[in-house]
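The values are calculated or read from the model by the stated rules, or taken from the named source; none is laboratory data. These numbers were taken from a predicted model, which means no experiment stands behind them. Reconstructed Cβ throughout: ideal geometry from the backbone, glycine too, with neighbour counts over all protein chains shown. For the accessible areas, the whole protein counts, side chains as well, though only heavy atoms, and no ligand, DNA or RNA atoms are used. Shrake-Rupley method; radii C 1.70, N 1.55, O 1.52, S 1.80 Å.
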Amino acid sequence: MKRRLLAASLILMVTFGTIGCGETTQNVEATEATSETVSEALAETEGTDESTETEAEETVESTEKEEENENMGNALKGTQKVVVIGQDYGPAVSKTIIKLDEKISSESVSADSFKVVETKESFNWASLAPGSKEDSSKHIEMETERVVTDAYTSDENGEKTDSSEYVTLELMYNPEVGSPFCYDLFKGNNAICNPYDLEVLLKDGQTIKTDAGEDVSAIDVDKKVDFDSAIYPDLANTDITGKFTGTDGKTLCYASYEPEDDGAKHALVIWLHGAGEGGADPRLNTLGNKVTPLFGEEFQKVMSGAYVLAPQCPTFWMQYKEEGDWMDNPGTDSVFLPTLKELIDDYVANHENIDTDRIIIGGCSNGGYMTMDMILNYPDFFAAAYPVCEAYSDSGIKDEQLQAIKNLPVWFIYAENDTTVDPKKFEEPTIKRLSEISENVHTSVFKDVHDTSGNFKGQDGQPYQYMGHWSWIYFFNNECEENGVNMWQWMSEQHR
């Protein structure tokens, strides 16, 4: 830098000094020649200086990186596994369980010490805005800081203990934060986010202590989350590995639950998922629609123990052509109709304690359509049905089909503000027609779909409003009644 200033001063001195002594052509030419010579020297000097400065900057950066690496090298290394729970709106990552190299003193751990940053795959909703030039077919990565609500030493399953190599962080979640699912608007279904990372750090100035009393000011935790090794408490007693291939070559994955074997016969309750939960991973169709209450203590107690079967369609239940068409289904059979019936028959045949007079079928949206398709084609097989926001076009249902199910108890559920499946085109005309010939029609009709747990509020402080299509939430929360009759209790009483 000093050399550059000296050279610049030399140019100014030569230039102003020569012109000031007399403006002869010779002097001007000499000045220009001298200036050019000095400028060339300056250019060379500047090149040298810039190179020197660059080298200095690189040295500083290198030193900083070395210090950072040295600090991380001194950090306790760790891995993590997450806990995923079912909520009304879908799954949520509620905890991360960190395994560190050394035991940590339980007294040194607090929520305020940790920072957690979530980075995950997301549909690019902003690309749908008017004037956007972004490619909406390409997913993006969203970064969100997760609020740590509690922290404590634990066992490997996240249960509190004294000093331990495991530290569990409980994370805040709500309908807009913490889901491990990525919904693709164009594909019409969910998938587990890839990537899904949780960066876990100690905040600046915060420390924890090892069991030996040593301060720890940094931790280096592998941020990649493996959902195959995650803990799913709601699926603890559920088999999510089922797979069945029908005579037509179509394969359906499925989740299932078996009650305790007490030697008695038990009902079989079937749940058919909506459009967003198709695929070949039953975690999607059991957590996407929060099917887990059917495996839970309350429902099982009401049913005096029940088998639960949750088949998963590889595409969409409403698909009515082998080419894949489904959204414009005019009210005709699904291409998966025979395969689904074969799966049910096979499951029943392999579980001798299923009461074949107490097989109850239901589902939501796409699955509500499939519920209707099944009972319209096999009217004498089921004891009852519970279609939720069902999407079977009434115009495709023949009078003789309704006549065939007039003795079958059917409980319809929907919300009046459903804009995805318009009740005026689907449920309402079907309910009206069926009610005219049957006394076995029941309904639970809601004005909207909102949070009833008290846990989630909108910006106006009122209960969080879900899409009007999500009326299955009321079914899974046991909030469907008609004239004082509880729906779950009604289900438990149905026999063929």
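Taking the mean number of other Cβ atoms within 10 Å as a proxy for protection, how do you rank 240-246, 341-347 from highest to lowest?
Values: 240-246: 14.9, 341-347: 17.3.
The packing order, highest mean first, is 341-347, 240-246.
Tell me the relative contact order for the chain as a rounded percent, counting alpha carbon contacts under 8 Å between residues six or more apart.
Numbers: 1018 pairs, mean separation 53.9, N = 496.
RCO, the chain: 11 percent.
Can you give the helix-only mean residue ellipticity at 222 nm for the chain, where every DSSP H stretch with n ≥ 4 adds -39500 (n - 2.57) and the sum goes over all residues, rounded to the nearest 500 deg cm²/dmol?
Taking each H run of at least 4 residues, the total per residue is -8500 deg cm²/dmol.
The distance between label points at residue 457 and residue 352 comes to 5.7 nm (points 7 Å beyond Cα on the Cα→Cβ vector). Three principal axis extents of the range 302-444 based on alpha-carbon atoms, in descending order, are 42, 39, 29 Å. Rolling a 1.4 Å probe across all protein chains gives residue 182 an accessible area of roughly 10 Å². Cα centroids of the range 436-465 and the range 223-286: 27 Å apart. Amide H to amide H distances under 5 Å link residue 150 with 170, where only residues 5 or more positions off or on other chains count and H is placed in the peptide plane. What the Cα convex hull of the range 325-391 gives, in volume per residue, is 79 Å³.
Averaged per residue, the chain has 49 square angstrom of accessible surface, using a 1.4 angstrom probe with ligands and nucleic acids left out. Placing a pseudo-label 7 Å from each Cα along the Cα-to-Cβ vector at residue 262 and residue 345 gives an inter-label distance of 3.2 nm.
Once the C-beta distance of residue 328 and residue 301 is scaled by a Förster radius of 45 Å, the resulting FRET efficiency is 0.60 to the nearest 0.05.
Partner lysines whose Cα lies under 21 Å from the Cα of residue 223, excluding those fewer than 8 positions away in the same chain, are identified as 65, 77, 81, 95, 99, 103, 115, 120, 203. What angle, in degrees between 0 and 90 and rounded to the nearest 10, separates the Cα long axis of helix 2-21 from the longest principal axis of the Cα atoms of the chain? Tilt relative to the chain: about 50 degrees. Around the amide H of residue 218, modelled in the peptide plane, lie the amide H atoms of 76, all under 5 Å away and 5 or more residues distant in sequence or on another chain.
From most to least packed by mean Cβ count within 10 Å, the peptides 155-163, 167-175 give 167-175, 155-163. Hydrodynamic radius of the range 231-379 by the Kirkwood approach over all distinct alpha-carbon pairs: 15.5 Å.
With the full set of protein chains in place, find how many percent of the accessible area of the chain is carbon and sulfur; take the probe as 1.4 Å. Can you show the working numbers first?
Details: 11460 of 24520 Å².
Carbon and sulfur together cover 47 percent of it.
When both the range 344-406 and the range 83-120 are represented by their alpha-carbon centers, they are found 42 Å apart.
Which entry in (1) 247; (2) 184; (3) 283 matches volume of the Cα convex hull per residue in Å³ derived from the coordinates of this structure? So the calculated entry is the one marked (1).
Taking amide H as placed 1.01 Å from N in the peptide plane, residue 354 has its amide H under 5 Å from the amide H of 266, each at least 5 places away in sequence or on another chain.
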